[in-house]
Amino acid sequence: MSKAAYEINGDPATREAFYAIACDPRRSVAVEACAGAGKTWMLVSRIVRALLDGAEPHEILAITFTKKAAGEMRQRLQEWLADFARETEPQKLVQALVSRGIGQSPASNGHEALQNLYQSVLAADRPVQIRTFHSWFAALLRTAPLAVLQQLGLPGHYELLESDDEAVAALWRPFQATVAADAVLRADYAAVAAEHGRAQTQKALAAALSRRTEFVLADEAGVVEASVPPFADVFPEFAGLDEPSQSLMAQPVGRALLRTPVFGESAYYALVSRAAIARELTQHTYYDPLLVSPGMVRTRYQLAHQPGARFAASAYLTGRLDLPMRMAFSLLDKPILLLWGRDAYYTPVTDAADLRYRQPGARLEILDECGMLPHDECVGDVLRLTVDFLTRPEEDVRRAA
């Protein structure tokens with residue numbers, strides 16, 4: 001059953017009925033719609049109708065989040081008013097009013113006012129105010145009495161930052177110094193970096209910094225820890241899994257779905273699109289995303305689209321290629337060299353530590369600024385360490401380990 005394109009308070013509505021309310025500046029409305037649905041069109045239409053109803057340009061205020069959005073609204077209003085002024089066919093002006101929620105009869109009598117609106121706006125002392133939240137609040141501060149600013153602890157002179165990139169960049173060094181000087185913080189950071197890698201840890205910290213206001217407020221309210229409970233607490237059947245999707249892949253029905261002609265192919269080709277391959281390589285495979293070239297993505301795309309390729313991927317995704325190697329690894333009686341990327345996404349350093357525990361004599365080398373493929377990303381280090389390992393006498397290798 002398809003859902004109605006327009007709703008008013010949850011009830012299905014026609015387009016005409018919806019815009020008759022949404023574009024009426026005398027009504028207070030909240031509109032929920034996806035990107036590209038026409039919210040900007042509706043907002044500027046409300047401004048046009050407010051001007052037609054007699055509002056002075058400076059009495060209208062539209063506030064949005066970004067300078068780009070504010071600029072688009074200003075440009076849209078300017079272009080509309082200019083187009084209406086140049087229009088020579090009254091019927092087109094009437095239709096423009098009807099499409100913005102005005103009835104046929106009032107629209108027939110209002111086309112001349114719409115045509116003259118551009119001249120009226122240009123003749124006004126002050127224009128329509130279309131601003132960002134930041135610029136609007138800055139304007140309020142500029143006009144506030146100094147006594148009020150002092151009472152609120154606000155500066156009398158300030159500079160409105162268009163970007164916080166410079167401030168954020170300057171923050172990391174004192175942050176790292178604070179962490180290094182505190183034993184508890186240092187241990188927490190080391191544990192997170194060891195499990196997820198420094199690159200992923202940095203991304204998580206940057207994401208938290210970008211939402212710092214929300215985190216501060218949530219922390220003050222004491223709700224940070226309880227905000228996102230572990231998924232196993234919500235769904236006990238997922239206990240012991242790294243990701244909920246592993247539950248599906250562990251079941252015969254999940255593995256069978258990936259082998260079906262329709263669902264299996266659709267799921268597979270979604271995973272091996274050019275965008276998905278590029279995302280996997282830059283976010284989960286390599287520490288340095290600049291190493292991922294268009295040619296590398298193209299080669300993997302071509303390999304993934306060969307006849308029968310999806311069956312190998314399905315076997316990998318469903319765990320059919322997983323081998324119980326830990327026991328076999330512990331039984332090896334030859335010198336062992338483990339080369340591990342510190343920022344490996346799927347095989348964190350803790351996995352290397354586990355193997356080292358099973359083979360105390362193994363030589364473990366952790367490569368900094370390296371992801372899942374040390375032999376490709378850190379060629380020089382891998383070559384040097386491998387040559388050193390192979391050219392040293394076996395007894396020296398065992399003694400060094």
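Quick note: the coordinates plus some simple rules give every number you see, no bench work behind them. Treat the numbers as computed from the prediction; the structure is a model and nothing was measured. Glycine gets a Cβ as well: all are built from the backbone with ideal geometry, and neighbour counts include every protein chain shown.
Key figures
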quantity	calculated
Candidate aspartates and glutamates for bridging to Lys67, where Cα separation is under 12 Å - those fewer than 8 sequence places away on the same chain excluded	Glu162
Segment 87-138: chymotrypsin sites (Phe, Trp or Tyr not before Pro) falling in loop per DSSP and having at most 16 other Cβ within 10 Å	none
Among Val387, Val179, Val148: highest mean-square fluctuation, GNM of the chain, C-alpha pairs under 10 Å	Val148
Gln78/Phe311 FRET efficiency (R0 41 Å; Cβ-Cβ; nearest 0.05)	0.10
Neighbourhood charge, 10 Å Cβ-Cβ cut-off, centred on Gly371 and excluding it, Lys, Arg +1 and Asp, Glu -1	-4
Global geometry of segment 166-215, whether rounded, prolate or oblate, following the gyration tensor of its Cα atoms and the 1.5 cut on a/c	oblate
Inter-label distance, nm, simple model (7 Å from Cα along the C-beta direction), Leu338/Thr143	6.7 nm
Segment Ala275-Ala207, length gained on full extension (0.36 nm per residue, minus Cα span)	22.3 nm
All lysines inside 16 Å of Lys39 as judged from Cα atoms, apart from same-chain residues fewer than 8 positions distant	Lys68
Helix-only CD estimate at 222 nm, as mean residue ellipticity for the chain, using -39500 (n - 2.57) per DSSP H run (n ≥ 4)	-17000 deg cm²/dmol
³J(HN,Hα), Karplus 6.51/-1.76/1.60, whole Hz, each residue of segment 287-300, x for Gly, Pro	6, 9, x, 5, 6, 7, 9, x, x, 5, 5, 5, 5, 5
Three-way shape call for segment 119-174 based on the alpha-carbon gyration tensor, with the a/c threshold at 1.5	oblate
Linear extension gain, Arg358 paired with Leu291, 0.36 nm per residue minus alpha-carbon span	20.8 nm
Rounded to 5, the percent of DSSP beta bridges in the chain classed as antiparallel	20 percent
Between 0 and 90°, nearest 10: helix 133-143 axis offset from the chain longest Cα axis	60 degrees
19 Å reach of a label modelled at Thr66, 7 Å along Cα-to-Cβ, counting backbone N of segment 143-167	161-166
Reduced Cα scattering model of the chain, Debye log10 I(q)/I(0), q = 0.08 Å⁻¹	-0.79
Point-to-point label distance, Asp219-Val379, nm (Cα→Cβ direction, 7 Å offset)	4.4 nm
